[in-house]
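The values are calculated or read from the model by the stated rules, or taken from the named source; none is laboratory data. Note that the structure is a prediction, hence the values are computed from the model and not measured. All Cβ positions, glycine included, derive from the backbone under ideal geometry; neighbour counts span all protein chains shown. Surface areas here come from the heavy atoms of the whole protein model, side chains and all, with no ligands, DNA or RNA. Shrake-Rupley method; radii C 1.70, N 1.55, O 1.52, S 1.80 Å.
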Amino acid sequence: LVHGLPSTAYDWAALPDKLAHLGYRAIAYDRVGYGYSSRSADTPDRYTLESNARDLRALLDALGIDRAALVGWSYGGGVAQTFSLQNPQRVSHLVLLGSVGPAQPVPDGEPLAQLLASPLAVPLLTWVGSIPPLSRLVTHEEMVKAFAKPEAIPPGWEEHTRAMLSLPGTLRAFVREAQHAGYLQLRSQDLKVPTLILQGSDDQLVPPLVAGDLHQRIAGSRLVTIPAGHHMLPVTHADLLAAQLADFLGQGQ
């Protein structure tokens, strides 16, 4: 399970346990720069889709896993696509959940997007995080977008998010990945592994048009749209996702 940005393995919530209950070995990990993973030097070849794909390959090697089904969420979908393009023999199935792709719109005029593009993004975000009322306001606004409506945000989730963002080095990883995104360069049309695309109909962070474009590009892919679904489906729709994954992974077994 490959999480997005900024995010951690904990954001998968109950989904790993649901998959384990269905008999799967479910592995969620903190990508470099997030949660309790290591932090890397801030060099041009780090905090990119390619560096994350290298990290994922090293993780599978360390765990002795020759072949796996990958579930990439949001930015993690870009990582999973990059890994699958480079190592198709190591991917049995690919699941793209609210995943970025070549059609990902460029944010136009959004304050956070403008801030992330600034050369002063890291110190400015650190300053925002140091002022509790401002930090709470910014986090709440972003969580409303992520969950599509305020009432869908689980109790304590905003506090959890602020706590994870406050860990050393996390804001730097967030900024660098946003600045080095390069979604337009994803060669999604070259993917040759069985692919399931799961998309919330009301996703405000990765809109449905991105999933539609991925479906058109990836030959033989399956597109499932979750009605009234938002960007945070693992948090609120774990049972539904587990059932969809089990159905897809069971094909041809």
Among the residues of the stretch 177-196, count how many are open to solvent by 40 Å² or more (accessible area, probe 1.4 Å), touching a strand residue (DSSP E or B) at 6+ places or on another chain (Cβ under 8 Å) and not in a loop (DSSP other than H, G, I, E, B). 0
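Just name the residue that is surrounded by the fewest Cβ atoms within 10 Å (Cβ to Cβ) out of those in the stretch 16-38 that are among the hydrophobic types (A, V, I, L, M, F, W, C) and under 17 Å from residue 250 (Cα atoms).
In this case the residue turns out to be 20.
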Within the stretch 136-178, restricting to residues that are under 17 Å from the mean Cα position of the chain (by Cα) and among the acidic types (Asp, Glu), the one that is farthest from residue 120 (Cα to Cα) is 142
Given the conditions (1) more than 20 Å from the chain's Cα centre (by Cα); (2) surrounded by 20 or more Cβ atoms within 10 Å (Cβ to Cβ), and given that residue 77 satisfies all but one, which numbered condition is not satisfied? (1)
Determine, yes or no, whether residue 211 is within 15 Å of the chain's Cα centre (by Cα), assigned to a helix (DSSP H, G or I) and either buried (at least 18 other Cβ atoms within 10 Å of the Cβ) or among the polar types (S, T, N, Q) (or both). yes
Return the residues of the stretch 80-89 that are open to solvent by less than 30 Å² (accessible area, probe 1.4 Å), in contact with a helix residue (DSSP H, G or I) (Cβ under 7 Å, 6 or more places away or on another chain) and not polar (S, T, N, Q); say none if nothing qualifies. 83
What number goes with the only condition from (1) within 23 Å of residue 82 (Cα to Cα); (2) assigned to a loop (DSSP other than H, G, I, E, B); (3) open to solvent by 10 Å² or more (accessible area, probe 1.4 Å); (4) touching a Ser or Thr at 6+ places or on another chain (Cβ under 8 Å) that residue 206 does not pass? (3)
Search result, residues across the stretch 95-115 that are within 14 Å of residue 3 (Cα to Cα) and of a type in the set (A, V, I, L, M, F, W, C): 95, 96, 97, 100
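Here is a list: 56, 19, 60, 49. Which entry is within 19 Å of residue 222 (Cβ to Cβ) and either free of Cβ contacts under 8 Å to residues at least 40 places away in the same chain or among the hydrophobic types (A, V, I, L, M, F, W, C) (or both)?
19
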With the stretch 1-88 as the region, which helices (runs of 4 or more DSSP H) entirely inside it contain at least 1 residues that are of a type in the set (S, T, N, Q)? 49-63, 75-86
Under the condition of being touching a Ser or Thr at 6+ places or on another chain (Cβ under 6 Å) and open to solvent by 10 Å² or more (accessible area, probe 1.4 Å), which residue from the stretch 58-74 is nearest to residue 146 (Cα to Cα)? 69
Within the stretch 214-231, considering residues that are part of a helix (DSSP H, G or I) and touching a residue at least 60 places away in the same chain (Cβ under 8 Å), the one surrounded by the most Cβ atoms within 10 Å (Cβ to Cβ): 214
Quick one: count up the residues across the stretch 139-156 that are under 22 Å from residue 35 (Cβ atoms) and open to solvent by less than 50 Å² (accessible area, probe 1.4 Å). 8
Being loosely packed, with under 14 Cβ neighbours inside 10 Å, small (Gly, Ala, Ser) and at positive phi, is that true of even one residue in the stretch 157-174? no
